[in-house]
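In what follows, a single structure is set out as structure tokens and then discussed.
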Amino acid sequence: MKKYAKKNEFAALLLKEDEAAYNHRTCGQSTRKNRDFKLIDLFSGAGGMSLGFSKSLGHNFTSVWVNDFNKYCVDTYNANFGNHCVLGDINEILSDRSVKIPSADVVIGGPPCQGFSLLNKNREGDPRNQLWRPYLEVVKRCGAKVFVIENVPQLLGSEEHKQIVETAEMLGFKVVSDKLCAADYGVPQTRTRAVIIGSKIDPSIIFPPRKTHYNPEKGGIQNTIVFALVSEVENGKRRNLRLA
């Protein structure tokens, strides 16, 4: 009973933190916290995803190890974020016993999506569909508590998606996934992407994240938490709460 009470208290705390972060985002601000989180970015490209997690946008994440196999992307990343983006094939890097993956709190990245894209007529059996495997191997080696995978919407529901979830759960993660539209979160582009989040604590309380922007011409509304819900969570009356 005591354990369940603690679980409800933690869920309520997550809701309150999510509300504070949401209010800051809708005002064009970001929350700043004292703790600094270590970040690993895989298939990084020039660093767009790292930028979203960076101090430049008000988030206390510092990248400690990064990888891409395109030299121009690696050079660009290192010029903007520090000289820790490693050039090379991730499978070859992980097979080298001399390579040590540093510890990190979070792993992010978008494994190449061409293998799932509808534009690829030969996507069945595309070897790039398996690049989630070295991604999760890095998650395992660095001891991360959270990972975020971004990809094309076609990934969700695929056999690879099923395998990602099963493998992550064997590593002790709870996994959630959904399709998110960038325009709903302030990006001036109606681009829909698949997002998969794995966490050692249940992320379903705050995922999918509530929209910060909406299209009033399509009847969209701005969603807010009714704080009575927080009280219900604390008192054990509400379970499996999902936020719009």
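What the table shows:
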{"read-out": "Two-site FRET efficiency, THR192 against GLN163, from Cβ-Cβ distance with R₀ of 30 Å, rounded to 0.05", "value": "0.85"}
{"read-out": "Amide H within-cut-off set for VAL152, under 5 Å, with H built and near neighbours excluded", "value": "ALA194"}
{"read-out": "Long pairs among LYS16/LYS140; LYS71/LYS162; LYS145/LYS179; LYS71/LYS179, criterion Cα-Cα beyond 28 Å", "value": "LYS16/LYS140; LYS71/LYS162; LYS71/LYS179"}
{"read-out": "Three-way shape call for the range 31-205 based on the alpha-carbon gyration tensor, with the a/c threshold at 1.5", "value": "rounded"}
{"read-out": "Extension gain from ARG133 to GLU92, taking 0.36 nm per residue of separation minus the Cα-Cα distance", "value": "13.5 nm"}
{"read-out": "5 angstrom amide H check on SER63, placed H, neighbours 5+ away", "value": "LEU39"}
{"read-out": "HN-Hα J in Hz across the range 211-217 - Karplus 6.51, -1.76, 1.60, θ = phi - 60°, x for Gly and Pro", "value": "5, 9, 9, 7, 9, x, 6"}
{"read-out": "For the range 95-106, 3J(HN,Hα) per residue [Karplus equation, 6.51 cos²θ - 1.76 cosθ + 1.60, θ = phi - 60°, Hz, x = Gly/Pro]", "value": "7, 7, 5, 7, 7, 10, 7, x, 5, 8, 8, 9"}
{"read-out": "Packing rank of 40-49, 149-158, where each peptide gets the mean count of other beta carbons within 10 Å, highest leading", "value": "40-49, 149-158"}
{"read-out": "Distance from the range 165-217 to the range 34-111 (C-alpha centre basis), Å", "value": "21"}
{"read-out": "Difference of contour (0.36 nm per residue) and Cα-Cα distance, ASN78 to MET170", "value": "29.7 nm"}
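Computed from the coordinates by the stated procedures, all read-outs in this text should not be read as laboratory data. Keep in mind that what you see is a predicted model, and the values were worked out from it rather than measured. Here Cβ is always computed from backbone atoms with ideal geometry, including for glycine, and neighbour counts include all displayed protein chains.
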